[in-house]
Amino acid sequence: MSFSERERILARLEALERRAEDGGGADKAAARRAEGRRTARDRLARLLDAGTFVEMDKLVVHQCTNFGMGDKRVPGDGVVTGFGRIDGRVVFVYAQDFTVFGGSLSAAHAHKITKVQDMALKVGAPIIGLNDSGGARIQEGVVSLGGYADIFLRNTLASGVIPQISAILGPCAGGAVYSPGITDFIVMAESGSHMFITGPEVIRAVTSTEVTKEELGGAAMHARRSGVAHFVAPDEDGALDAIRELLSYLPSNNDEDPPFVATQDPLDRADPELDDLVPTESNQPYDIRDAIVRIVDDGRMLEVHEQYAENIVCVLARMAGRPVGIVANQPAVLAGCLDIGASVKAARFVRFCDCFNLPVVTLVDTPGFLPGTDQELGGIIKHGAKLVYAYAEATVPKVTVICRKAYGGAYIVMSSRHMRGDLNLAWPTAEVAVMGPEGAVNIVFRKEIQSAEDPAAAREQAVASYRERFANPYTVAEVGFVDAVIRPRDTRRVITSALAMLSNKRDANPPRKHGNIPL
Ligand code: HXC
């Protein structure tokens, strides 16, 4: 082959590649950058370790000829797919390119995504989707709907096998929302990220309601209200950095242990401040996160659903270098009551941890399930049951510390011994009983109080005697429902020892097709 012939062959490839890299054109890319958005390729460069991205299907084009689409073919067809590394570990990625047909999903675009989904599942590596799409490509009609179905199916089959993470970095409308909705985690950026099934215009047409994109599907709404978003970052770069951090706690697949990160933080580090954390007044609030940072390695943690159902806290952290999931009632919000939001949030988190071999550490301080008609009418029975179910089915190591209140159903649910908790501990401030003293005396001693000469004094005395009998950890310690009452300052030492002891734990559930969690 002559030199010029070689050059011609290479030039053809280069031209095609350049055409693919141009996407919807320099003007559209510049307009996006002017809005503070990165292009799909810029995003992947930020997400992945430098120089590790290998692109696949760069030259794929759509096959649609409707509405003049035959003349509009862009190599890559609006999505950049392939694999690369994060912290040296293989991940599969796809990033939608809004400059090409609004990132909309054609059959070819869908096939590119399902190809990386299939490979990720085959090799046992996480998959990360950077979503920025107007939904099903309208010109392709039903074919694009089939493409979504193919993606949803693979999301479902990969669930619990490989971590699946979605970033929402633009509009995410129509069918585009359900793939993220099935994945393990959704990360949004504070501005410019929207997720909705039908946008404001359709809502106006169908229901005559005026609503903004932000109100309907912005990051703040999904982080605080719907709970659809697990993480919110100030901007795109923050969202991509959050994914890297999140992955540092996760194994590549369900057959692996999560990655070990060596720590200089002594495993037996005592923290005397913990002894004073729980207020002596039983109804005084405190922030349970102050306990968590003092217990985990180097005070570092990543909070999931930070702004949603704040009455329960779910964090990823490390203990003795090994990632753990921590679930903790938050006495600073709603006194740490379990309600619908908290139950659903924690149940999903516990199930995620169980899928991916993250031990679950539970810190308990809850007066119980939140009483109220809203809760009952909203189905607290089935939603609370999700949390019972999640803890009961989890076979990963489970270590529980009752810090203060553990009353009623909430005592049972929060990883008690009866839910197959492996090591159940209590601080001396623990109060474990069927219900709180005030409510209990109203029921058990009602007649005595009513007929007493001084009902107020009689009531006070009844509360004191109930408190003396039950508002401590010793009654449950006597029956072996907690294995040890420990000094708060020793919590880190005892938990790290327990997790080391449990590192070879083997436990299983009965064989079955799948359970029927109350949805
Ligand atoms: C084809 C699309 C498209 C789509 C956008 N574009 N969405 N092309 N199919 N679904 C194109 C536009 O024609 C335009 O092309 C370019 O992308 C940019 O779109 P704009 O509207 O100019 O951008 P913007 O003003 O930023 O608005 C973005 C948007 C809006 C909010 C996403 O485009 C929009 O509302 N799109 C439709 C969203 C939607 O309803 N999707 C549902 C589809 S049905 P040019 O050539 O002008 O640059 C669906 C059902 C699946 O998804 C159900 C499965 C369960």
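Could you look through region 129-172, keep only residues that are of a type in the set (A, V, I, L, M) and near the ligand (Cβ under 7 Å from one of its atoms), and pick out the one that is nearest to Asp255 (Cα to Cα)?
Leu145
Suppose we filter region 57-96 for residues that are small (Gly, Ala, Ser) and in contact with a strand residue (DSSP E or B) (Cβ under 9 Å, 6 or more places away or on another chain); how many remain?
5
Return the total of residues in region 422-437 being open to solvent by 10 Å² or more (accessible area, probe 1.4 Å), part of a loop (DSSP other than H, G, I, E, B) and within 12 Å of Val476 (Cβ to Cβ).
1
Only one of Ala346, Ala406, Ala433, Ala394 is among the hydrophobic types (A, V, I, L, M, F, W, C) and out of contact with any helix residue (DSSP H, G or I) (no Cβ under 6 Å at 6 or more places or on another chain); which?
Every option except Ala406 fails the conditions.
Go through (1) outside any loop (DSSP other than H, G, I, E, B); (2) more than 23 Å from Thr475 (Cα to Cα); (3) polar (S, T, N, Q) and name the single condition Thr395 misses.
(1)
Would you pick out the residues in region 1-51 that are open to solvent by 50 Å² or more (accessible area, probe 1.4 Å), away from the ligand (no atom under 16 Å from the Cβ) and under 15 Å from Val93 (Cβ atoms)?
If the condition is that a residue be open to solvent by 50 Å² or more (accessible area, probe 1.4 Å), away from the ligand (no atom under 16 Å from the Cβ) and under 15 Å from Val93 (Cβ atoms), then Arg41, Ala45, Arg46, Ala50, Gly51 are the ones that fit.
So if I check each of Ala317, Ala385, Ala347, which one is open to solvent by 10 Å² or more (accessible area, probe 1.4 Å) and either under 19 Å from the mean Cα position of the chain (by Cα) or at pLDDT 95 or above (or both)?
Ala385
Tally time: how many residues in region 268-300 are in contact with a helix residue (DSSP H, G or I) (Cβ under 6 Å, 6 or more places away or on another chain) and over 22 Å from Pro428 (Cα atoms)?
Here the count works out to 1.
Quick one: in region 403-421, which of the residues that are more than 24 Å from the chain's Cα centre (by Cα) and outside any helix (DSSP H, G or I) is farthest from Thr366 (Cα to Cα)?
Cys403
Across region 445-459, what is the total count of residues that are surrounded by fewer than 14 Cβ atoms within 10 Å (Cβ to Cβ) and either assigned to a helix (DSSP H, G or I) or touching a residue at least 60 places away in the same chain (Cβ under 8 Å) (or both)?
So the answer is 7.
When region 183-210 is examined, which residues are found to be assigned to a helix (DSSP H, G or I), within 14 Å of the ligand (Cβ to nearest atom) and surrounded by fewer than 17 Cβ atoms within 10 Å (Cβ to Cβ)?
Of everything in region 183-210, those that are assigned to a helix (DSSP H, G or I), within 14 Å of the ligand (Cβ to nearest atom) and surrounded by fewer than 17 Cβ atoms within 10 Å (Cβ to Cβ) turn out to be Glu201, Val202, Ile203, Arg204, Ala205, Val206.
What are the residues in region 211-225 that are under 19 Å from Ser133 (Cβ atoms) and either open to solvent by 70 Å² or more (accessible area, probe 1.4 Å) or among the aromatic types (Phe, Trp, Tyr) (or both), if any?
Lys213, Glu214
Sort through Val90, Val100, Val74, Val79 and tell me the only one that's open to solvent by 40 Å² or more (accessible area, probe 1.4 Å) and either within 16 Å of the ligand (Cβ to nearest atom) or of a type in the set (Val, Ile, Thr) (or both).
Matching residue, one of Val90, Val100, Val74, Val79: Val90.
List pairs: first in region 484-508 and assigned to a loop (DSSP other than H, G, I, E, B), second of a type in the set (Ser, Thr, Tyr), Cβ under 7 Å, 6+ apart or cross-chain?
Pairs that qualify, where the first residue is assigned to a loop (DSSP other than H, G, I, E, B) and the partner is of a type in the set (Ser, Thr, Tyr), are Asp507/Thr395; Ala508/Thr395.
The values are calculated or read from the model by the stated rules, or taken from the named source; none is laboratory data. Everything numeric here is computed off the predicted structure, so don't read it as measured data. Please note: Cβ atoms are built from the backbone with ideal geometry, for glycine as well, and neighbour counts cover all protein chains shown. Side chains included, ligands, DNA and RNA excluded: accessible areas come from the protein's heavy atoms. Shrake-Rupley method; radii C 1.70, N 1.55, O 1.52, S 1.80 Å.
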